[in-house]
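The values are calculated or read from the model by the stated rules, or taken from the named source; none is laboratory data. What you see is a predicted model; the values in this text were computed from it and never measured. With ideal geometry, Cβ positions are generated from the backbone for all residues, glycine too; neighbour counts draw on all protein chains shown.
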Amino acid sequence: MITDLTYLKNMTDGDKVLIQEMIDIFVKQVIEYTEQMKDLFEHSNWLELSRLAHKAKSSLAIMGMKEMSGKMKELEILAQEGKQVNKYSEYIDEFIHECNAAVEELKSIELL
């Protein structure tokens with residue numbers, strides 16, 4: 001399992017409708033964040049990439065993707081400081097890969 005919905009279930013008191021809404025929001029965010037990350041990287045906009053990584057890490061944490069959330073924290077700090085630029089594409093590629101797998105996993109979960 002890539003995701004762990006324990007936190008989300010606790011946060012929503014197990015409300016299946018609310019959980020599904022949160023999953024739907026996450027799926028939309030993944031699409032937006034993926035495109036934005038690629039664009040920000042392409043344009044060497046490290047400060048905005050840092051801000052986006054900060055937003056993404058929260059979404060990942062809610063879905064129980066702790067390891068990927070931690071990697072977005074690393075990217076956030078590196079990009080904020082403009083350090084180790086050569087590693088940014090690795091973080092972005094891993095984000096895309098993990099999130100795509102998570103979306104597929106979440107689509108297979110039947111809550112309602």
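Exactly one condition in (1) over 14 Å from the mean Cα position of the chain (by Cα); (2) closer than 23 Å to GLU90 by Cβ is not met by GLN20; state its number.
Only one criterion in (1) over 14 Å from the mean Cα position of the chain (by Cα); (2) closer than 23 Å to GLU90 by Cβ is unmet by GLN20, namely (2).
Going by the structure shown, is TYR88 of a type in the set (Phe, Trp, Tyr) and under 10 Å from the mean Cα position of the chain (by Cα)? Talk me through it step by step, then tell me what you get.
Values: of a type in the set (Phe, Trp, Tyr): yes; under 10 Å from the mean Cα position of the chain (by Cα): no.
Considered against the rule, which asks whether it is of a type in the set (Phe, Trp, Tyr) and under 10 Å from the mean Cα position of the chain (by Cα), TYR88 comes out as no.
So which residues in region 75-87 are out of contact with any helix residue (DSSP H, G or I) (no Cβ under 6 Å at 6 or more places or on another chain), in a helix (DSSP H, G or I) and over 30 Å from ASN10 (Cβ atoms), if there are any at all?
The initial filter retains those residues of region 75-87 that are out of contact with any helix residue (DSSP H, G or I) (no Cβ under 6 Å at 6 or more places or on another chain), namely 77-78, 81, 83, 85-87.
Next, only the ones that are in a helix (DSSP H, G or I) stay: 77-78, 81, 85-87.
Result: LEU78, GLU81, VAL85, ASN86, LYS87.
Tell me, please, whether a residue that is within 20 Å of ASN86 (Cβ to Cβ) and more than 12 Å from the chain's Cα centre (by Cα) can be found in region 51-71.
No, there is no match, as no residue in region 51-71 is within 20 Å of ASN86 (Cβ to Cβ) and more than 12 Å from the chain's Cα centre (by Cα).
Would you call SER58 in a helix (DSSP H, G or I), free of Cβ contacts under 8 Å to residues at least 12 places away in the same chain and among the small types (Gly, Ala, Ser)?
Working: in a helix (DSSP H, G or I): yes; free of Cβ contacts under 8 Å to residues at least 12 places away in the same chain: yes; among the small types (Gly, Ala, Ser): yes.
Judged against the criteria, SER58 is a match.
Regarding GLU76, is this residue under 15 Å from the mean Cα position of the chain (by Cα) and surrounded by 14 or more Cβ atoms within 10 Å (Cβ to Cβ)?
Numbers: under 15 Å from the mean Cα position of the chain (by Cα): yes; surrounded by 14 or more Cβ atoms within 10 Å (Cβ to Cβ): yes.
Yes; evaluated as a whole, the condition is true for this residue.
When the residues of region 1-50 are filtered to those that are polar (S, T, N, Q) and either touching a helix residue (DSSP H, G or I) at 6+ places or on another chain (Cβ under 7 Å) or not in a helix (DSSP H, G or I) (or both), which remaining residue is modelled with the lowest pLDDT?
Our first condition is that a residue be polar (S, T, N, Q); within region 1-50, this holds for 3, 6, 10, 12, 20, 29, 34, 36, 44-45, 50.
Applying the additional criterion that residues be either touching a helix residue (DSSP H, G or I) at 6+ places or on another chain (Cβ under 7 Å) or not in a helix (DSSP H, G or I) (or both) yields 3, 12, 29, 34, 36, 44-45, 50.
Values: THR3: 90, THR12: 93, GLN29: 96, THR34: 97, GLN36: 98, SER44: 98, ASN45: 98, SER50: 98.
Residue satisfying both the conditions and the ranking: THR3.
Return the only residue of MET68, MET72 being in contact with a His (Cβ under 8 Å, 6 or more places away or on another chain) and either basic (Lys, Arg) or part of a helix (DSSP H, G or I) (or both). Explain how you work it out, then say what you get.
Numbers: MET68 fails: in contact with a His (Cβ under 8 Å, 6 or more places away or on another chain).
Answer to the check: MET72.
Conditions (1) farther than 15 Å from ILE109 by Cβ; (2) surrounded by 15 or more Cβ atoms within 10 Å (Cβ to Cβ); (3) among the aliphatic types (A, V, I, L, M); (4) in contact with a Cys (Cβ under 8 Å, 6 or more places away or on another chain), marked per residue:
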{"residue": "LEU8", "(1), (2), (3), (4)": "no, yes, yes, no"}
{"residue": "ASP24", "(1), (2), (3), (4)": "no, no, no, no"}
{"residue": "PHE41", "(1), (2), (3), (4)": "yes, yes, no, no"}
{"residue": "GLY70", "(1), (2), (3), (4)": "yes, no, no, no"}
{"residue": "GLU81", "(1), (2), (3), (4)": "yes, no, no, no"}
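Criterion first (within 18 Å of ILE31 (Cβ to Cβ) and modelled with pLDDT under 95) does LYS57 satisfy it?
Working: within 18 Å of ILE31 (Cβ to Cβ): yes; modelled with pLDDT under 95: no.
For LYS57, the condition - within 18 Å of ILE31 (Cβ to Cβ) and modelled with pLDDT under 95 - is not met.
What about GLU94, is it in a helix (DSSP H, G or I), in contact with a helix residue (DSSP H, G or I) (Cβ under 8 Å, 6 or more places away or on another chain) and in contact (Cβ under 8 Å) with a residue 60 or more places away in the chain? Walk me through it before giving the result.
Numbers: in a helix (DSSP H, G or I): yes; in contact with a helix residue (DSSP H, G or I) (Cβ under 8 Å, 6 or more places away or on another chain): yes; in contact (Cβ under 8 Å) with a residue 60 or more places away in the chain: no.
Taking the combined requirement at face value, the residue does not satisfy it.
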